[in-house]
Amino acid sequence: MRTRLPVALLVVAAAVAGCATEKQWMKVGEPYTTAEFRRDYAACSKTKSGELDEECLRGRGWVDMKPSKGDRAADSPPAPPQDWRQRR
């Protein structure tokens, strides 16, 4: 019983450490395709450690999207007036 608790805690700690949030990337002011992103992502992931080189992506024009705490869903549009059909 004494060895189960530390082993269980170690497993939970390893699982939590492996949960990294993925960033979302976009290009501002120009159209792009998923194929273009995948190509650039693959080219920028060829580091010795196998991790993504974020400066490489930025150099290719990609910007990481960082939602702030103040970001929220857009307000829904106002409902049309009840007599909107009569105004035509």
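The values are calculated or read from the model by the stated rules, or taken from the named source; none is laboratory data. Just so it is clear, the structure is predicted and the values come from calculations on it, not from any experiment. All Cβ positions, even for glycine, are placed from backbone atoms using ideal geometry, and neighbour counts span all protein chains on display.
A few points about this structure:
- Among residues that are of a type outside the set (A, V, I, L, M), at pLDDT 80 or above and part of a strand (DSSP E or B), residue 40 is not included.
- Residue 16 satisfies every condition listed in (1) at pLDDT below 90; (2) part of a loop (DSSP other than H, G, I, E, B); (3) not basic (Lys, Arg) except (2).
- Search result, residues across region 53-80 that are at pLDDT below 90, part of a loop (DSSP other than H, G, I, E, B) and either hydroxyl-bearing (Ser, Thr, Tyr) or touching a Phe, Trp or Tyr at 6+ places or on another chain (Cβ under 9 Å) (or both): 68, 76
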